[in-house]
1. Taking into account only those residues within segment 85-121 that are closer than 21 Å to Val54 by Cβ, part of a loop (DSSP other than H, G, I, E, B) and at pLDDT 70 or above, which is most open to solvent (accessible area, probe 1.4 Å)?
2. Quick one: which of Ala37, Ala32, Ala125 is small (Gly, Ala, Ser) and modelled with pLDDT under 80?
3. Determine which single condition Trp66 fails, assuming it passes every other condition in (1) within 14 Å of the chain's Cα centre (by Cα); (2) open to solvent by less than 60 Å² (accessible area, probe 1.4 Å); (3) closer than 26 Å to Leu84 by Cβ.
4. Within segment 43-63, track down each residue that is open to solvent by 50 Å² or more (accessible area, probe 1.4 Å), touching a strand residue (DSSP E or B) at 6+ places or on another chain (Cβ under 8 Å) and touching a residue at least 40 places away in the same chain (Cβ under 8 Å).
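The values are calculated or read from the model by the stated rules, or taken from the named source; none is laboratory data. If you're wondering where the values come from, they're calculated on a predicted model, not measured in any experiment. Using ideal geometry, Cβ is built from the backbone for each residue, glycine included, and neighbour counts are taken over all protein chains shown. For accessibility, only protein heavy atoms count, side chains too; no ligands or nucleic acids. Shrake-Rupley method; radii C 1.70, N 1.55, O 1.52, S 1.80 Å.
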Amino acid sequence: EGKQIVLGDDKGRIWIWDFEEETTVKELRPAAEEEQAVFEMKLSPDGRSLVCSVRNQLLFYDLETWELTRTLDFKHSSRLFTFLPDGKHLLCEGDWPEGVPLHSDWVRTPKRPLCVWNLKGELKAVF
C-alpha cells in the first residue's frame with residue numbers, strides 16, 4: 001500500500017518500518033554465527049517476496065507473513081543479484097559452481113562468474 005519501507009544494516013538486521021505510524025512493524029534477523037551486512041534487497045516481480053543478500057545467502061521472505069520461505073546458499077558471498085525480466089530467474093554474481101567445467105581458454109573478468117538460477121535454487125547458466 002506504499003506505507004512501509006524495508007531497511008537493512010551492517011549487522012544483518014532487516015526492519016519493516018511503517019512511516020505513517022512511525023513504528024517498526026517487524027524486525028527480521030537471519031541467524032548467523034557472526035554479524036554480516038545486508039548488501040542488497042529487492043522485491044520479487046510478483047510482489048510476493050522480499051529477497052535479501054546477506055553473507056553467502058539469498059534469503060526469501062514472504063511479504064504477508066514475513067516468514068523465511070527459501071534460502072539460496074553460496075560458498076562465498078553473493079552480494080549482487082537481480083531478477084531477470086521473466087521474474088522466474090535470478091542473475092547473481094557468485095561462485096563458480098561445482099561440477100561446471102572451467103575451460104582454460106575462457107577469460108573471466110572479474111574472476112567471479114554470473115550465474116542464472118531459477119527460484120527453486122537450480123543453476124541454469126554460467127557466464
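1. Lys120
2. One residue alone meets the criteria, Ala32.
3. Going through the list (1) within 14 Å of the chain's Cα centre (by Cα); (2) open to solvent by less than 60 Å² (accessible area, probe 1.4 Å); (3) closer than 26 Å to Leu84 by Cβ, Trp66 breaks only (1).
4. Pro45
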